[in-house]
Amino acid sequence: MITSHSNPKIKQIAQWQARARERREAGIFLAEGFKMFEEAPAEWIREVYVSEEIREKAAFSPEISEKLDRTGWEAVSPDVFRKISDTQTPQGILCVLERPRYSLEELLQAGNPLFLLVENLQDPGNLGTIVRTGEGAGVTGIILGEGTVDIFNSKVIRATMGSVFRVPFVCGEDLCAVVERLRENGIRTYAAHLAGENYYDSFSFREGTAFLVGNEGSGLTRALAEKADNYLKIPMEGHVESLNAAVTASILLYEAYRQRRL
């Protein structure tokens, strides 16, 4: 059992928790909790750490016990686990995982695709919710522009509730160039924009579709918005001028899902 904060593995994990650049250079991300461990593809898992306190008290399910046997794991003292944890109330299990790698060209091979392009989104909870909603609505992939919060941020990972393991995504893209590439492939792009004159449910999203969603406060940049094939808007009552970015994405994705199920 690891009991020292100065253990090289523990020091490395603490650095990964604090520094996105080091995680990126190592090609890894971190995930905490039993649900995340249970849903993580075993082939992605590099290391697993379990708090000795949890190991002694918890009766692991047969599925988790069997997976722990396959992945291997190390026990750490409760104090050491708190050092490597990023949560206020740790569940007592942490995984180091390989980053998945997707490409736009790979995603474009899908038939009748549904994409979401995200520009300059800053809130980790919003992005995590978008990833989870995207899975539910059958999104083909999520394309993240430069300046968007790191999808491997621990708060984003938690908010996805495991969907990050199943929803393809491409990071750090020039979204204006992406829109052009989508157009070449017959995929129409729709910008959620205050200048939209038609409501979102007046369009057909049955063919290849991509929605553009921007920053929580300032929305889409003019350069990206002007690339869109259409502007659309969501009806709102009262004095509400705009909706939360994750809510906007959810409404649009589920409208596409509804239409495609008819």
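Computed quantities for the displayed model
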{"quantity": "Considering residues of region 1-25 that are over 19 Å from the mean Cα position of the chain (by Cα) and among the hydrophobic types (A, V, I, L, M, F, W, C) only, the residue farthest from K155 (Cα to Cα)", "calculated": "M1"}
{"quantity": "Residue match in region 202-221 (condition: under 21 Å from L107 (Cα atoms) and aromatic (F, W, Y))", "calculated": "yes"}
{"quantity": "Residues of region 43-78 classified as surrounded by fewer than 18 Cβ atoms within 10 Å (Cβ to Cβ), in contact (Cβ under 8 Å) with a residue 60 or more places away in the chain and within 18 Å of P8 (Cα to Cα), total", "calculated": "3"}
{"quantity": "Filter result for the condition that a residue is of a type in the set (S, T, Y), closer than 21 Å to A110 by Cα and surrounded by 19 or more Cβ atoms within 10 Å (Cβ to Cβ), over T148, T133", "calculated": "T133"}
{"quantity": "In region 135-166, the residues that are under 13 Å from A31 (Cβ atoms), free of Cβ contacts under 8 Å to residues at least 40 places away in the same chain and in a loop (DSSP other than H, G, I, E, B)", "calculated": "I151"}
{"quantity": "Complete set of residues in region 13-34 that are among the aliphatic types (A, V, I, L, M) and assigned to a helix (DSSP H, G or I)", "calculated": "I13, A14, A18, A20, A26"}
{"quantity": "Hits in region 84-134 (condition: under 14 Å from the mean Cα position of the chain (by Cα), without any contact (Cβ under 8 Å) to a residue 40 or more places away in the chain and part of a loop (DSSP other than H, G, I, E, B))", "calculated": "R101"}
{"quantity": "Matching residues in region 170-217 - criterion: being under 20 Å from the mean Cα position of the chain (by Cα), under 21 Å from N244 (Cβ atoms) and of a type in the set (D, E, K, R)", "calculated": "E216"}
{"quantity": "Cross-chain or 6+ apart pairs with Cβ under 9 Å, region 251-262 first and on the phi < 0 side of the Ramachandran plot, then part of a helix (DSSP H, G or I) and of a type in the set (S, T, N, Q)", "calculated": "L253/T133; Y254/T133"}
{"quantity": "Residues being of a type outside the set (S, T, N, Q) and surrounded by 20 or more Cβ atoms within 10 Å (Cβ to Cβ) - total across region 174-192", "calculated": "8"}
{"quantity": "Enumeration of residues in region 212-262 that are β-branched (V, I, T) and farther than 22 Å from E173 by Cα", "calculated": "I234, V240, V247, I251"}
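Yes/no matrix, rows are residues, columns are (1) modelled with pLDDT under 95; (2) of a type outside the set (V, I, T); (3) at positive phi:
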{"residue": "R23", "(1), (2), (3)": "no, yes, no"}
{"residue": "F29", "(1), (2), (3)": "no, yes, no"}
{"residue": "E43", "(1), (2), (3)": "no, yes, no"}
{"residue": "I54", "(1), (2), (3)": "yes, no, no"}
{"residue": "I84", "(1), (2), (3)": "no, no, no"}
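The values are calculated or read from the model by the stated rules, or taken from the named source; none is laboratory data. Keep in mind the model is a prediction, meaning the values are calculated, not measured. Counting neighbours? That spans all protein chains shown, and the Cβs are built from the backbone with ideal geometry, glycine included.
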